Amino acid sequence: MNSSTKLSGWGRTAWSETHLLSVDCDELVNGLAEQEPMITRGLGRSYGDCAVIAGGQTIKTNTWLDMSMENGILTAGSGVTLESIIEQWLPHGWFVPVTPGTRFVTVGGAIASDIHGKNHHKDGTFGAHVVQLNLLIANGEVLTVSPQVDSEIFWATVGGMGLTGVIISAKIRMIQVETSRMRTVTSRYSNVHDLMSAMITSDRENKYSVAWIDMLAKGKNLGRAVLSVGDHASISDLSKRDRKTLLDYFPKQRIHSPKWFPNGLLNNLTVRLFNELWFQKSPRRPKIAIQTVSKFFHPLDGVEGWNRMYGSAGFIQYQFVVPESAAHLVPEIIEMFVRAKCPVFLSVLKRFGDQNNGLLSFPLKGWTLAVDVSASFYGLSELLDEMDSRVVEAGGRIYLSKDSRMDPYYLGAMYPRLNEFLAVKIRIDPDHIFTSNLSLRLGL
């Protein structure tokens, strides 16, 4: 059904009027003949403006839900969510190879954004585990592409922000697990320098690793942090009680947040108080614990609509990556936020492994920092522009799935294979049928 509606990304900024459609593949093929600009949208968890097109057709994939498994290879429609995959296959000893901080992500969205998780330093992006995918392109043809067949189209699509066509389905290599629990170790560090040194060492041994950073601490405590590392628990790690529910899936009970929050709720006072409580409740010495996959991977999923906490102004998640040679930029960026007295509610640091062949894929070997900040903060635009400049000078880039404000001037420097992507785009979508607010803004 075609309806005009107002949509934004998860950050609730950059709202646009669009025609929202939920269609099957045949209807979509017929719609291509109308030559209207369109973009696909999964669950809308991308923070910026990549999954909506103002005045065009925003295509929901919530009817493409077929799913099957054979020899550890999952075949799934692009509308299948990571939540449904985990729910169905974890009890059989299978887990997704990569998950971000939310399970409310579709397969199509995971590929288009080439999502990463806490294990990139070991296992790469989601796209690294895609065996093949079916792609509907602008002329109505469905291509089956893979790293071996039409590889240039495959790698333009993995991380390609939905601009090469519509991902219909994909085959994904899953991982086997003995249990549905995680063996975790939590440690805290008094500053970001100690944290980064510890992460370099711990990442050699641990499959999953992420650090929460206090972005208001300063001086000798600049970037104080809580580091959480872990791996899938073996049977021997579990208590007798937990062994009775060896592979049971325990999604967190969801708390419904209020429909309305006042602007300015997350200010320096409230955020500083939260950060102090969070840091002080963390263990003074490394603490081993057994956790459910939901608690370890998706803690924020326990609060439905948590993105409303920033009020009507919404928020921006600024995420950048810099190579290991520019690791010094991480504490420098933290210092910039501190000097600006910017109340950052949530900030996480991870290490990336080698980059893949995705032409617009975000990760490269180095350090990535993601920061949530209210869009209403005075001077934010100028602050982030300065950070963009420093990131580019350091050979880094920002994550397009999180972006809604970057100057297109930086795009080519951040993504050196941009021209290769554009060549594929022109070849299979010469009329730019697949277009989003992001692509219009950045010239993609």
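Every number here is computed from the coordinates shown, using simple stated rules; none is lab data. Every value quoted in this text rests on a predicted model; they were computed, and no experiment measured them. Don't worry about glycine lacking a Cβ; one is built from the backbone with ideal geometry, like all the others, and counts go over all protein chains shown.
A few notes on this one:
- Of the beta bridges in the chain, as assigned by DSSP with both residues counted there, near 85 percent are antiparallel.
- Of the peptides 116-125, 236-245, the ranking by mean beta-carbon count within 10 Å, highest at the top, reads 116-125, 236-245.
- Approximating the spin labels as points 7 Å out from Cα along Cα→Cβ, the M67-to-E36 distance works out to 3.1 nm.
- Cross-link pairs exceeding 28 Å between alpha carbons, from the set K281/K341; K122/K220; K118/K218; K218/K281: K122/K220.
- Dipole magnitude (debye, nearest 20) for the range 181-405, charges at Cβ of Lys, Arg, Asp, Glu: 1100 debye
- When T157, T75 are arranged by Cβ crowding within 10 Å, least crowded first, meaning fewest neighbours, the order is T75, T157.
- Between the range 1-63 and the range 205-223, the Cα center-to-center distance that results, in Å: 37 Å
- Against the set (i) 25, 60, 15, 0; (ii) 24, 54, 21, 1; (iii) 23, 49, 25, 3, the structure's computed P(r) over Cα pairs in 20 Å bins from 0, in percent falls on (i).
- For the range 181-405, the relative contact order works out to 24 percent when only alpha carbon pairs closer than 8 Å and six or more residues apart are counted.
- Placing R0 at 35 angstrom, the Cβ-Cβ distance between S151 and L300 gives a FRET efficiency of 0.50 after rounding to 0.05.
- Links that overshoot a 22 Å alpha carbon limit, given the list K287/K350; K171/K402; K240/K350; K240/K295: K171/K402; K240/K350
- Its relative contact order, with pairs defined as Cα atoms under 8 Å and 6+ residues apart, puts the chain at 19 percent.
- For the pair D24 and S239, label points projected 7 Å from Cα toward Cβ lie 5.0 nm apart.
- Residue-by-residue Karplus 3J(HN,Hα) for the range 166-181, coefficients 6.51, -1.76, 1.60, Hz, glycine and proline x: 9, 6, 8, 7, 8, 10, 10, 7, 8, 10, 8, 10, 7, 9, 9, 10
- Mean ellipticity per residue at 222 nm, deg cm²/dmol - from DSSP H runs of n ≥ 4 across the chain, formula -39500 (n - 2.57): -7000 deg cm²/dmol
- Euclidean distance between Cα centres, the range 335-349 to the range 108-153, Å: 34 Å
- Note on W278 and S389: with the Förster distance fixed at 22 Å, the Cβ-Cβ geometry gives a FRET efficiency of about 0.10.
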